[in-house]
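The values are calculated or read from the model by the stated rules, or taken from the named source; none is laboratory data. These figures come from a predicted structure and were not determined experimentally. Cβ sites come from the backbone with ideal geometry, for glycine too, and all protein chains shown count toward neighbours.
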Amino acid sequence: MKLVVANFKMNLTLQYITEEYIKKLNHEKFKNQKVVICPSYPFIPIMSLLLNKQYYIGSQDVSMYTEGNYTGDVSANQLNSINTNYCIVGHSERRLNYSESPKQIVDKINNLQKYDIIPIICVGENNTRDKIDVLKLQLNEILPFIKTDKELVIAYEPIYSIGTGIVSSIEDIKETIKYIKKLINERGINKSSVIYGGSVNEENCCQILNDNIVDGILVGNNSINADKFIKLLRKVEVLDEK
Ligand code: PGA
């Protein structure tokens, strides 16, 4: 079963989400894929309440602290209390815009794992030349310090592909995913999925997912319009029925 994660980032308002997005998604029936919607914090409860139960809810981030006086932060415990199933961590936009460190990412994952919220751990290079070294380093900075017997999702997202429409060759994506799978298998991690993100759209999603190499996709810009996203989901749905 493929995993499709929608990352709304800092987009959409309550009006669009309740008047259009939720209504349109609730008209669909998907049984061959697991769809995880990650809205901004304020919309997690309403989406969790109003989307039908075939959808899972994710957060885009979590505090590295457990509780207390951290103005503006949201803890893993709080996310758990509003039925959050997944949480994106270490997205390149957070690593770059907020100088998020590997130690902070590890703390966030540890907090999430205490509440059985599945982390979606983002890794990815900015430059194809040092891809292998960067991926190895990013995984080595995180995996030894978290629980690897719990379910994990690794999202491979080359930075140059995020929000740009630039996608490296599908062959290249699959080779990289295979490499990440090899690295995590060597660590004895088996309850994990490795997904791809970066300019995924309804045109390229099937090629990316058409075999058992890539376990899913992380969709940013093409998930924030309900009609566009539904078109993509319908394609993924048919793909898995083959
Ligand atoms: P994009 O974003 O689909 O807009 O490239 C993906 C992501 O950053 O999660």
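Observations on the model:
- Scope segment 217-242; condition modelled with pLDDT of 95 or more, away from the ligand (no atom under 12 Å from the Cβ) and in contact with a strand residue (DSSP E or B) (Cβ under 9 Å, 6 or more places away or on another chain); matching residues: LEU233, VAL236, GLU237
- Matching residues, segment 63-117, being surrounded by fewer than 19 Cβ atoms within 10 Å (Cβ to Cβ) and either at pLDDT below 95 or within 16 Å of the ligand (Cβ to nearest atom) (or both): ARG94, LEU96, ASN97, TYR98
- Of all residues in segment 1-17, those that are within 14 Å of the ligand (Cβ to nearest atom) and either outside any strand (DSSP E or B) or in contact with a Phe, Trp or Tyr (Cβ under 6 Å, 6 or more places away or on another chain) (or both) total 5.
- Members of segment 203-216 that are part of a loop (DSSP other than H, G, I, E, B) and away from the ligand (no atom under 12 Å from the Cβ): GLU203, ASN210, ASP211, ASN212, ILE213, VAL214, ASP215
- Of the candidates ILE166, ILE189, the single residue that is in a loop (DSSP other than H, G, I, E, B), touching a residue at least 12 places away in the same chain (Cβ under 8 Å), near the ligand (Cβ under 10 Å from one of its atoms) and farther than 26 Å from THR13 by Cα is ILE166.
- Qualifying positions in segment 119-131 - surrounded by fewer than 21 Cβ atoms within 10 Å (Cβ to Cβ) and either at pLDDT 95 or above or within 16 Å of the ligand (Cβ to nearest atom) (or both): ASN126, LYS131
So that you can scan it fast, the table gives a plain yes or no per residue for (1) of a type in the set (Val, Ile, Thr); (2) under 17 Å from the mean Cα position of the chain (by Cα); (3) part of a helix (DSSP H, G or I):
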| site | (1), (2), (3) |
| --- | --- |
| LEU139 | no, yes, yes |
| ASP149 | no, no, no |
| ASP172 | no, no, yes |
| ILE177 | yes, yes, yes |
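- Filter pass, ILE154 being of a type in the set (A, V, I, L, M, F, W, C), surrounded by 19 or more Cβ atoms within 10 Å (Cβ to Cβ) and assigned to a strand (DSSP E or B): yes
- Looking only at residues in segment 132-149 that are closer than 16 Å to ASP107 by Cα and either in contact with a strand residue (DSSP E or B) (Cβ under 8 Å, 6 or more places away or on another chain) or β-branched (Val, Ile, Thr) (or both), the one that is farthest from the ligand (Cβ to nearest atom) is THR148.
- Looking at segment 51-129, none of the strands (runs of 3 or more DSSP E) lying wholly inside it contains 3 or more residues that are β-branched (Val, Ile, Thr), within 21 Å of LEU183 (Cβ to Cβ) and in contact with a His (Cβ under 7 Å, 6 or more places away or on another chain).
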